[in-house]
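To start, the structure under review is shown below, and the notes come after it.
Each value in this text was obtained by applying a stated rule to the coordinates, not by laboratory testing. Bear in mind that the values here come from a model prediction, so they are computed numbers and not experimental data. All Cβ positions, even for glycine, are placed from backbone atoms using ideal geometry, and neighbour counts span all protein chains on display.
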Ligand code: HEC
């Protein structure tokens, strides 16, 4: 298993340069993702680099700002106190693309353990209930569209 994870990490690194392109080739439905984001807004908002709140309430800090999360390095919002699990993803240079985003939000700790190759890690976000991968893929497309504007 360890070597499989090492390969997966290498593949992630190789494809990191393509993540930006992937982010803009999201296959989901942004309009459906906008509706699904209500489940996330209790903990996350989307605030652009100019400080404009695009989605959600201004003072939500439970979870990190999700602006530009499509194609973004995991665990990279400055000033946000990530769990050791998300810090491990950051150190492994994991970049959020549609597939790992969908896996992560449905099982954060499971994804962190697999991607970092360490069963002792856990994430601080609870698993989110999704209708299979559909909601997650739509959410990804929605978040990608907000950052593309
Ligand atoms: C109850 C609060 C809560 C809810 C609801 C929630 N999250 Fe999170 N989310 C968090 C926290 C806390 C973290 C940081 C996790 C860590 O450090 O392990 C996080 C991290 C993330 C990350 C990683 C971001 C990064 O900077 O690497 C993504 C992506 C994410 N959440 C997406 C979502 C989506 C999409 C939803 C809705 C389906 C959602 N979250 C719902 C609390 C929440």
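Structural remarks
- Compared with the alpha-carbon gap, the fully stretched path from residue 54 to residue 127 is longer by 23.8 nm at 0.36 nm per residue.
- Ranked for footprinting exposure by Cβ neighbours inside 10 Å, fewest first, 60, 112 give 60, 112.
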